[in-house]
Amino acid sequence: MSESKPRLGLSAAALRPALPVVAVLCVLLALALAWIGFREWQDAQRSQALQASRDLAVQGTAQALKKQTKQLQDRLASVPVQAALAQGNLDAAANAIRTGWAHVESVELLPPDLETTYAALPGVGYGKLAVAEAALAANAPVARIAR
C-alpha cells in the first residue's frame, strides 16, 4: 500500500499566466534591494567624510593648543613676568603675560597654595581649579579645553 503525496492540483499550464506577474515582482524586489544598497553606500560615504572632518578638526585644535602652550611658556620665562613674580605681584605678572598676546581674553595667576581658590568654590569653578592643580603637579603650563 503505497500512498501518494497530495498535490496542489495546479498544472504548469495553469501557472503560466502568473509568470509575468512573478517576474515583475522579482524585478521590483531587485530594484528595491539595489536602492537600499545604494542608500547604505551613500551613508557610509557620508560617515567617512564626517570622520575625516572630525579628525582634521582634532588635529588642528591640538596643534593650536600646543602652539599657545609654548607661547605661554615663553611669556612665563620672560624678564618682566619673572620680575613681577619675584616681587609677588601676580596682577603685574598677568598684565605682562597678556600684553601683546592677540586674542587673549583674560590671564589670571593664582598663588601656589590655592587656599583662596578652594575657599571660593564653587563660584571660581572646578575646572579652573583642576587646571591649576594639574599645572602645579606638572610644574609647567597646562592647557585644557572647557566649555
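The values are calculated or read from the model by the stated rules, or taken from the named source; none is laboratory data. As the structure is a prediction and not an experimental result, all values here were calculated from the model. Glycine gets a Cβ as well: all are built from the backbone with ideal geometry, and neighbour counts include every protein chain shown. The area values use the complete protein model at the heavy-atom level, side chains included, leaving out ligands, DNA and RNA. Shrake-Rupley method; radii C 1.70, N 1.55, O 1.52, S 1.80 Å.
Could you check, for segment 44-57, whether at least one of its residues is in contact (Cβ under 8 Å) with a residue 60 or more places away in the chain and closer than 30 Å to Leu109 by Cα? For segment 44-57, residues in contact (Cβ under 8 Å) with a residue 60 or more places away in the chain and closer than 30 Å to Leu109 by Cα: absent.
Scanning segment 103-141 for residues that are closer than 14 Å to Arg75 by Cα and open to solvent by 70 Å² or more (accessible area, probe 1.4 Å) gives a single hit, Glu108. Filtered by the rule that a residue be surrounded by 11 or more Cβ atoms within 10 Å (Cβ to Cβ) and polar (S, T, N, Q), segment 57-72 gives Thr61, Gln68, Thr69, Gln71. Within the bounds of segment 18-32, is there any residue that is in a helix (DSSP H, G or I) and modelled with pLDDT under 90? Scanning segment 18-32, I find at least one residue that is in a helix (DSSP H, G or I) and modelled with pLDDT under 90, so the answer is yes. The set of residues from segment 86-97 being open to solvent by 50 Å² or more (accessible area, probe 1.4 Å), within 37 Å of the chain's Cα centre (by Cα) and more than 17 Å from Val131 (Cβ to Cβ) comprises Asp91, Asn95.
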